[in-house]
């Protein structure tokens, strides 16, 4: 059988049941946040660092990256205040640059609130935090390029 299908961004104007595509998927504009956060060698477990606020409905881009080789903690945790590991939870030694999103993975085309595991869109902005899961091993910095689409 030969069929003609369409992606989620193609609207069938002749089909009354067809839902127009989300304009963010086809006309969204990338926004980039470039940041650096520092920690002291004396920072204890549970220390938190506000990184940036991202609109809850933003589509996250796979070019988002965290440069962690100089972070003062052995483990890199990035997420929300309520769930500090919801975006990234890896050993710093795993790689100097960590990317929480991979093109085509399960989070492809999802909103930030969905990626963070929230039950519904809270609206507004969601603050991303880096959290020290144990005492710092040294003073350090984490750098990031957070890319999202609106």
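The values are calculated or read from the model by the stated rules, or taken from the named source; none is laboratory data. This one's a predicted model, so the numbers in the text were calculated from it and none came from an experiment. In this analysis, Cβ positions are derived from the backbone assuming ideal geometry, glycine residues included, and neighbour counts consider all displayed protein chains.
Can you list the strands (runs of 3 or more DSSP E) found entirely within the range 1-68 that contain at least 3 residues being modelled with pLDDT under 95 and more than 27 Å from residue 99 (Cβ to Cβ)? Give the derivation first.
On the way: elements: 30-39, 48-55, 65-67.
Passing ranges: none, list empty.
Which of the residues that make up the range 1-38 are touching a helix residue (DSSP H, G or I) at 6+ places or on another chain (Cβ under 9 Å) and surrounded by 13 or more Cβ atoms within 10 Å (Cβ to Cβ)?
Passing the criteria: only 9.
Would you call residue 105 farther than 18 Å from residue 32 by Cβ, out of contact with any strand residue (DSSP E or B) (no Cβ under 6 Å at 6 or more places or on another chain), modelled with pLDDT of 95 or more and not in a helix (DSSP H, G or I)?
Working: farther than 18 Å from residue 32 by Cβ: yes; out of contact with any strand residue (DSSP E or B) (no Cβ under 6 Å at 6 or more places or on another chain): yes; modelled with pLDDT of 95 or more: no; not in a helix (DSSP H, G or I): yes.
Here the answer is no, as residue 105 does not meet what is asked.
Which is surrounded by 17 or more Cβ atoms within 10 Å (Cβ to Cβ), touching a residue at least 24 places away in the same chain (Cβ under 8 Å), within 20 Å of residue 32 (Cα to Cα) and in contact with a strand residue (DSSP E or B) (Cβ under 9 Å, 6 or more places away or on another chain), of 136, 144? Walk me through it before giving the result.
On the way: 136 fails: within 20 Å of residue 32 (Cα to Cα).
Result of the check over 136, 144: 144.
This table checks each residue for (1) surrounded by 13 or more Cβ atoms within 10 Å (Cβ to Cβ); (2) touching a helix residue (DSSP H, G or I) at 6+ places or on another chain (Cβ under 8 Å); (3) closer than 15 Å to residue 127 by Cα.
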| position | (1), (2), (3) |
| --- | --- |
| 45 | no, no, no |
| 60 | yes, yes, yes |
| 63 | yes, no, no |
| 103 | no, no, no |
| 114 | yes, no, yes |
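If residue 56 satisfies all but one of (1) touching a residue at least 60 places away in the same chain (Cβ under 8 Å); (2) closer than 16 Å to residue 139 by Cβ, what's the number of the condition it fails?
For residue 56, the exception is condition (2).
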